[in-house]
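The values are calculated or read from the model by the stated rules, or taken from the named source; none is laboratory data. Nothing here was measured: the structure is a model prediction, and the numbers come from that model. Don't worry about glycine lacking a Cβ; one is built from the backbone with ideal geometry, like all the others, and counts go over all protein chains shown.
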Amino acid sequence: MPLADTCFILDLLEGNVKAICILEELKKKEIEISSTIFTNIELYQGIGNKSGNPKADYDKINNILKRFPIERYCPSDSEMCGIYCRDLKCRKKNPVRKLRGYDIAIAAIAHRTGQAVITRDNHFTNRYNVPVISY
């Protein structure tokens with residue numbers, strides 16, 4: 001069950017053709033997509049930070065999130081987050097400009113479950129070395 005990254009859900013809401021194609025392709029294969037609490041938090045934060053119409057955006061997000069069960073966060077995911085942070089900060093030749101806390105947690109869940117992250121962001125592969133379904 002691949003994990004939906006925040007950008008994937010936003011792209012679905014905005015009618016992004018590539019994101020919709022990924023969704024339809026996975027549906028045809030009867031592959032269910034899940035979300036994470038961290039993806040959901042990022043979506044809700046976006047309402048608070050950027051929305052010109054918070055009530056309508058809140059309703060849209062709630063409606064789309066009903067389609068995606070939430071993959072739980074486990075104590076071992078916290079350990080994986082720590083390993084990611086330690087290893088990323090130790091890269092002197094290729095320093096990381098900014099660690100994204102929720103993305104680290106999403107990557108840790110993907111690492112534990114062996115599931116791919118559906119995203120158009122390349123940092124899940126480059127930084128966290130987890131499988132990605134890109135579009």
* Asked: Counting only residues that are over 22 Å from ASP77 (Cα atoms) and in a loop (DSSP other than H, G, I, E, B), how many does segment 1-34 have?
  -> 6
* Asked: How about segment 30-42: which of its residues are aliphatic (A, V, I, L, M) and at pLDDT below 95?
  -> ILE37, ILE41
* Asked: Take the residues of segment 35-84 that are in a strand (DSSP E or B) and touching a residue at least 40 places away in the same chain (Cβ under 8 Å): which is farthest from MET1 (Cα to Cα)?
  -> THR36
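Residue-by-condition table, conditions (1) surrounded by fewer than 19 Cβ atoms within 10 Å (Cβ to Cβ); (2) of a type in the set (A, V, I, L, M); (3) within 14 Å of the chain's Cα centre (by Cα); (4) modelled with pLDDT under 90:
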| residue | (1), (2), (3), (4) |
| --- | --- |
| ASP5 | no, no, yes, no |
| LEU13 | yes, yes, no, no |
| ALA19 | no, yes, yes, no |
| LYS28 | yes, no, no, no |
| LYS50 | yes, no, no, yes |
| ASP59 | yes, no, no, no |
| LEU65 | yes, yes, yes, no |
| SER76 | yes, no, no, yes |
